[in-house]
């Protein structure tokens, strides 16, 4: 079920005009189209990156600590550290917006359509909601 909510008091923009659009999803929800001006935030990206970097850790605590320290000091980690920071920024942004579930398409950090990764479908839902509520 698609649902549209407003994060802020009603701000009616002309239909279809949004400064920024972001899709919040995870690796299990397919993205039908990916226009270059649409940002995609994978909410499971931090977990996936950490698994890639640190798994599998040995069950022995000392060995696990040593392996984790080696990973943190490695050139691979240094290169991936920025990816991890960006992934967490996306999760924090979703949290700050108050997203309740995903997938979700967010327009201008104010409007969200839940239940789809399709920007065209989300735009149609948002425009239909605006027409009814003007």
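Where a number appears in this text, it was derived from the coordinates with a stated rule and is not lab data. In this text the structure is predicted, and so the values were computed from the model without any measurement. Cβ placement follows ideal geometry from the backbone for every residue including glycine, while neighbour counts extend to all protein chains displayed.
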- [ ] Any chance you could count how many residues in the stretch 104-116 are within 13 Å of residue 29 (Cβ to Cβ) and surrounded by fewer than 22 Cβ atoms within 10 Å (Cβ to Cβ)?
- [x] 3
Open item on the list: So, in the stretch 21-43, how many residues would count as being over 18 Å from residue 84 (Cβ atoms), assigned to a loop (DSSP other than H, G, I, E, B) and touching a residue at least 24 places away in the same chain (Cβ under 8 Å)?
Closed with: 6
Task: Count of residues meeting criterion [in contact (Cβ under 8 Å) with a residue 12 or more places away in the chain and part of a helix (DSSP H, G or I)] in the stretch 114-130 - done: 10
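Suppose the filter is free of Cβ contacts under 8 Å to residues at least 24 places away in the same chain and either surrounded by 12 or more Cβ atoms within 10 Å (Cβ to Cβ) or not in a loop (DSSP other than H, G, I, E, B) (or both); does residue 53 pass it?
Values: free of Cβ contacts under 8 Å to residues at least 24 places away in the same chain: no; either surrounded by 12 or more Cβ atoms within 10 Å (Cβ to Cβ) or not in a loop (DSSP other than H, G, I, E, B) (or both): yes.
Answer is no for this residue.
Being part of a strand (DSSP E or B) and out of contact with any helix residue (DSSP H, G or I) (no Cβ under 6 Å at 6 or more places or on another chain) is the filter; apply it to the stretch 73-106 and report the residue that is nearest to residue 36 (Cα to Cα). So that I can check it myself, show each step before the final result.
Narrowing the stretch 73-106 to residues part of a strand (DSSP E or B): 104-106.
After this cut, where a residue has to be out of contact with any helix residue (DSSP H, G or I) (no Cβ under 6 Å at 6 or more places or on another chain) as well, the list is 104, 106.
Working: 104: 18, 106: 16 Å.
The residue in question is 106.
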